[in-house]
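Worksheet: one structure, shown below.
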Amino acid sequence: MSYTRGGHTATLLTGGLVLITGGWNLMGVLSSAELYDPASEKFTTIGSMSIRRGGCTATLLNDGRVLICGGTGRDVTASAELFDPVRKSFTPTGNMTVPRYSHTATLLPGGRVLVAGGLTRRDAVLASAEVYDPGTGTFSAVGDMAEQRCKQAAVGLSGGEILILGGTDQTAWRGDLALIERFDPERGNFIRIPDMKRPRARFGMAVAPLADGSLIVAGGDRAIELLNSAGGEAEPSIIASLDRTYSYSTATTLYAGSVLILGGYDEKGETTDRAWLFRK
């Protein structure tokens, strides 16, 4: 990349390029952005965002633009902006109702975006949620989640609902949650469904869908869980186990239907280069 960075976003654009924004390095929090072209295997710098952002979210909208929300730089911000892939430029849009980072932002049916949880100023953990409407460029508060949480996972379901899984209330690593809630976009509220078997956080990229609609949950705990009915009332089940707990690992569904689990760091903070292949 053009800059070293962590805590950034990477979003696949409609045309196949990847937008990379923000994050931080030894120089501080970044506002810079770049595009990766898989055809040339090259990164190209583009205009910067309006402010520095680490721990923000970037969500591809139905019209090809990217919504970038929140993050922390000099302070936690409520601001949001839109990336235009044609002009390769950033434009401010409406502010969130609450400043937040380490939250989730998930596309809803019809093109709106659900923003949930995260941390706000003085690292207070949020239960609040809001919805962004790209037609009006505004955010509107919706019903709160059952628990305050950050560093959770959020997954869109085929029926249009959103699952919010796990997360933490930041209680000295003892506050990880097993809680699952389902967001109903028509009613604008959250419905609690059976908990995961293990509390887990820092696993937002380690939830992968299977062909039958079930979900593999891997990360934040050594146990791998299966959610048989992704939006329903079925109890999750433990179906496999890794050698230890890994945080910030990834799980990716392959074309053959298996799931590739990669990397992360363990309880001692040591990163790993290990990989696992899960077959149901």
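The numbers here are math on the coordinates, done by the rules we state, and not lab data. From a predicted model like this one, the values you see are computed outputs, not experimental measurements. As a convention, Cβ positions derive from the backbone with ideal geometry for all residues, glycine included, and neighbour counts pool all protein chains shown.
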Under the rule rounded for a/c under 1.5, else prolate if a/b exceeds b/c, else oblate, using alpha carbon gyration tensor axes a ≥ b ≥ c, the chain is classed as rounded
Using a simple spin-label model with points 7 Å from Cα along the Cα→Cβ vector, what separation in nm is obtained for residue 86 and residue 280?
-> 4.0 nm
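Arranged by the count of other C-beta atoms within 10 angstrom, fewest first, what order do 69, 150 take?
Ordered by Cβ neighbours within 10 Å, fewest first: 150, 69.
Once the Cα gyration tensor of the stretch 1-144 is found, what semi-axes does its equivalent ellipsoid get, as square roots of 5 times the eigenvalues, in whole Å, sorted largest first? It would help to have the intermediate numbers written out before the result.
Working: eigenvalues 112, 71, 26 Å².
Ellipsoid semi-axes (Å, largest first): 24, 19, 11.
Return the Rg/Rh value of the stretch 19-75, two decimal places, where both radii are evaluated on C-alpha atoms and Rh is the Kirkwood radius.
Working: Rg = 12.1 Å, Rh = 12.1 Å.
The Rg/Rh ratio comes out at 1.00.
Highest mean first, how do 207-218, 258-269 rank when packing is the count of other Cβ atoms within 10 Å averaged over residues?
For the peptides 207-218, 258-269, the packing ranking is 207-218, 258-269.
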Spatially near lysine pairs across the chain, Cα under 19 Å, sequence gap of 8 or more or different chains = 4
For the stretch 1-61 and the stretch 250-280, distance of Cα centres in Å = 23 Å
Would you give the gap between the C-alpha center of the stretch 201-217 and the C-alpha center of the stretch 147-197, rounded to a whole Å?
-> 13 Å
Using the Kirkwood formula on alpha carbons, the hydrodynamic radius of the stretch 136-235 in angstrom works out to 13.9 Å
With label points set 7 Å from each Cα along the Cα-to-Cβ direction at residue 195 and residue 271, the distance between them in nm comes to 3.3 nm
